[in-house]
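Colleague: First, the structure itself, so that you have it in front of you.
Quick note: the coordinates plus some simple rules give every number you see, no bench work behind them. Computed from a predicted model, the values in this text were never measured in an experiment. Cβ sites come from the backbone with ideal geometry, for glycine too, and all protein chains shown count toward neighbours.
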Amino acid sequence: MEFEGKVALVTGAGTGIGEAIAERLLAGGALVVLVSRRLEPLELVCRRIDPKGARTLALEADVRNPMAMEAAVKRTIERFGKLDMAVNNAGVTGPAGVPVQDVEAEIWREVIDTDLTGIFYSMKYEIPAMLANGSGAIVNMSSANGLVGLAGMAAYTAAKHGVIGLTRSAALELAESNIRVCAVAPGYVATPRIMDSGKEVTDWMASLHPMKRLATREEVADFVAYLLSERAAFMTGSVHSIDGGYTAQ
């Protein structure tokens, strides 16, 4: 129960990696606020992991909207009194296999606004709440493709590179404020969405990793929990691959 007495906010928590992170932090004793664009999936997750509803709060908020994220942090403090930890996980991939010159401007904006600007808006309101506490820890979800190039997915790759720069800048700004900021860069993860793409696609994704498999959601969630914990108290501004050797190639 390393997170007992702590309050965490997780964006993109209605499914996939975000759902697994919310469940892991709850199991570690935290009170958890789950945020997503759609309320219904969040309510399903909350009923599954917290049947009594005493230790979770589901909030519908679009990370692309700064007022929505400001309201989400405000509701967190109203319900649980503070904010200690945040995992900024909400993201979209956009279409694959599209050269830069063929990317629609609307698609570019959607991916950048969600994957990069959405993290900025989240941190903009999470950080003051943590400064009021005198401590905090933030994990931003980048990607293995935030460390290397990926042809055909320019917007996603650019956004995930940007997350790393944002993480490092914020970490330096907050280094003397007892607030840590790190980034995680997963390879391909066996989320429901990926697994629904069919065996041919998942086998291809697995083959891209030297370990020849996908990460599990639980592996990523466990590592995020480690970064949020006091065991990582001297870690800030760092980017951590969990990619089965993908970026070592």
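Colleague: Take the residues of segment 139-157 that are assigned to a loop (DSSP other than H, G, I, E, B), touching a helix residue (DSSP H, G or I) at 6+ places or on another chain (Cβ under 7 Å) and not β-branched (Val, Ile, Thr): which is nearest to residue 98 (Cα to Cα)?
Modeller: Residues of segment 139-157 assigned to a loop (DSSP other than H, G, I, E, B): 142-143, 147-152.
From the residues that got through so far, the ones that are touching a helix residue (DSSP H, G or I) at 6+ places or on another chain (Cβ under 7 Å) too are 142-143, 147-150.
Checking the rest, the ones that are also not β-branched (Val, Ile, Thr) come to 142-143, 147, 149-150.
Details: 142: 21, 143: 19, 147: 20, 149: 14, 150: 11 Å.
Ranking the qualifying residues of segment 139-157, first place goes to 150.
Colleague: Within segment 53-76, does at least one residue satisfy the condition of being over 21 Å from residue 120 (Cα atoms) and in a helix (DSSP H, G or I)?
Modeller: no
Colleague: Restricting to segment 29-40, name every residue that is more than 13 Å from residue 80 (Cβ to Cβ) and crowded, with 18+ Cβ neighbours inside 10 Å.
Modeller: Residues satisfying the conditions are 35, 36, 37.
Colleague: State the number of residues belonging to segment 160-203 that are within 30 Å of residue 128 (Cβ to Cβ), of a type in the set (D, E, K, R) and either touching a Ser or Thr at 6+ places or on another chain (Cβ under 9 Å) or not in a helix (DSSP H, G or I) (or both).
Modeller: Initially, segment 160-203 is screened for residues within 30 Å of residue 128 (Cβ to Cβ), giving 160-186.
From the residues that got through so far, the ones that are of a type in the set (D, E, K, R) too are 160, 168, 173, 176, 180.
Then keep just the ones that are either touching a Ser or Thr at 6+ places or on another chain (Cβ under 9 Å) or not in a helix (DSSP H, G or I) (or both); that gives 160, 168, 176, 180.
Total satisfying the criteria: 4.
Colleague: A further question on this structure: Would you confirm, using the coordinates I've provided, whether residue 33 is of a type in the set (Val, Ile, Thr), closer than 23 Å to residue 190 by Cα, part of a strand (DSSP E or B) and within 14 Å of the chain's Cα centre (by Cα)? Steps first, answer last, please.
Modeller: Values: of a type in the set (Val, Ile, Thr): yes; closer than 23 Å to residue 190 by Cα: no; part of a strand (DSSP E or B): yes; within 14 Å of the chain's Cα centre (by Cα): yes.
No; evaluated as a whole, the condition is false for this residue.
Colleague: Looking only at segment 180-221, filter to residues that are touching a residue at least 40 places away in the same chain (Cβ under 8 Å) and surrounded by fewer than 16 Cβ atoms within 10 Å (Cβ to Cβ); which one of those is nearest to residue 8 (Cα to Cα)?
Modeller: Result: 218.
Colleague: Run residue 225 past the list (1) farther than 22 Å from residue 13 by Cβ; (2) part of a helix (DSSP H, G or I); (3) touching a Lys or Arg at 6+ places or on another chain (Cβ under 9 Å); (4) of a type in the set (Gly, Ala, Ser) and report the number of the one that doesn't hold.
Modeller: (1)
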